[in-house]
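Peer 1: Below is the structure I would like to discuss, written out as structure tokens.
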Amino acid sequence: MKLFYALEELEAQDETFRPLHDLRDNALPLVKSLSYPLASLICQDYAYSGHRYDSHPVTQAMYQWEKKWNFPDWARVQVVSTVSHWVSSSAMAYKEPVRWDGMVIPWMNQLDTLVNVLPDLGAQQFERLDKAIRPRECEVTLFWNPLLESWKHAESRMLLEFKETLEAYRHQIESECQALGLEPESQKYQKSEEQHYRWFIRHVFQGWTYERIADEEGVPDSSTVRKAVKDLGRRMKTPVERNTYFDAVPSVT
């Protein structure tokens with residue numbers, strides 16, 4: 001999850017790194033040109049690798065974007081979630097800096113979020129979690145008879161009932177997450193960890209060599225960068241392969 005936060009932070013700071021802008025400018029117009037049911041079918045098929053609409057222009061645009069920026073296939077769920085939010089809100093899509101939206105980013109830098117949700121969950125597991133966390137009606141009875149009860153007492157009673165309902169809901173979601181093998185995150189970014197995510201992005205998505213990262217970041221030995229990137233890749237269950245797409249485009253790299 002921290003990877004997406006680091007991605008959007010780097011894009012906000014570096015005009016040469018524009019995956020979100022690229023996704024918005026190339027895929028979003030195609031998605032918006034479709035009816036909602038068809039767009040939903042195609043995007044969900046892409047997210048869960050159904051391959052039923054691989055020849056459709058929307059899917060082709062998604063695949064081309066994914067290849068250009070060397071994104072792993074487990075990131076497709078967040079990609080679709082972001083595009084879906086952009087479709088529902090043009091203001092959100094064209095607000096600067098461009099942000100990932102939807103499933104991950106609103107909770108990105110908070111305590112008690114989950115580590116590596118996207119790479120750890122397969123399609124069936126994600127659907128199970130998605131079903132569990134869908135919005136639901138809150139079963140709290142609002143009732144106050146001012147002839148028999150003071151407002152202070154009524155407020156305390158109703159807040160207590162709401163808190164009990166909220167705790168039950170939290171327990172249900174946490175139990176579902178534990179059943180899927182997800183663990184709670186205990187800390188926000190450490191400074192070194194933030195740096196390692198940035199190095200990972202530079203290498204895997206932007207195509208910088210370990211040597212260039214070391215030079216740009218003032219790291220004496222590129223092996224330090226290599227080890228940090230490799231270790232982070234193992235933690236995220238993501239292959240560490242340098243993006244070579246921009247090798248022939250010096251102005252972008």
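The values are calculated or read from the model by the stated rules, or taken from the named source; none is laboratory data. These figures come from a predicted structure and were not determined experimentally. Quick reminder, even Gly has a Cβ in these numbers, built from the backbone with ideal geometry, and neighbours come from all protein chains shown. Accessible surface is based on the protein model in full, side chains and every heavy atom, while ligands, DNA and RNA are left aside. Shrake-Rupley method; radii C 1.70, N 1.55, O 1.52, S 1.80 Å.
Peer 1: If I ask for residues that are open to solvent by 20 Å² or more (accessible area, probe 1.4 Å), assigned to a helix (DSSP H, G or I) and either at pLDDT 95 or above or not hydrophobic (A, V, I, L, M, F, W, C) (or both), which ones from segment 64-75 would you list?
Peer 2: Within segment 64-75, GLN64, GLU66, LYS67, LYS68, ASP73 meet the criteria.
Peer 1: Related question: Please specify each residue of segment 150-186 satisfying the condition of being more than 25 Å from PRO135 (Cβ to Cβ), in a helix (DSSP H, G or I) and at pLDDT below 90.
Peer 2: Of everything in segment 150-186, nothing turns out to be more than 25 Å from PRO135 (Cβ to Cβ), in a helix (DSSP H, G or I) and at pLDDT below 90.
Peer 1: Another one. Of all the residues that make up segment 188-216, how many are open to solvent by less than 60 Å² (accessible area, probe 1.4 Å), part of a loop (DSSP other than H, G, I, E, B) and in contact (Cβ under 8 Å) with a residue 40 or more places away in the chain?
Peer 2: Adding up the residues that qualify gives 5.
Peer 1: Starting from segment 46-63, take each residue that is in contact (Cβ under 8 Å) with a residue 12 or more places away in the chain and open to solvent by less than 20 Å² (accessible area, probe 1.4 Å) and list its partners that are part of a helix (DSSP H, G or I) and polar (S, T, N, Q), counting only C-beta distances under 7 angstrom and pairs at least six apart or across chains.
Peer 2: The qualifying pairs are TYR46/THR59; ALA61/ASN26.
Peer 1: I'd like to know if segment 135-145 contains one or more residues that are open to solvent by less than 100 Å² (accessible area, probe 1.4 Å), modelled with pLDDT under 85 and in a helix (DSSP H, G or I).
Peer 2: no
Peer 1: Can I ask one more? Would you be able to tell me the number of residues in segment 199-218 that are touching a helix residue (DSSP H, G or I) at 6+ places or on another chain (Cβ under 6 Å) and at pLDDT below 95?
Peer 2: Matching residues across segment 199-218 total 0.
Peer 1: Follow-up. May I ask you to verify whether VAL83 is in contact (Cβ under 8 Å) with a residue 40 or more places away in the chain, farther than 20 Å from GLU15 by Cα, touching a Cys at 6+ places or on another chain (Cβ under 8 Å) and open to solvent by less than 10 Å² (accessible area, probe 1.4 Å)?
Peer 2: yes
Peer 1: Please go through segment 217-253 and pick out each residue that is in a helix (DSSP H, G or I), free of Cβ contacts under 8 Å to residues at least 24 places away in the same chain and surrounded by 13 or more Cβ atoms within 10 Å (Cβ to Cβ).
Peer 2: Selection gives GLU217, SER222, THR224, ARG226, LYS227, LYS230.
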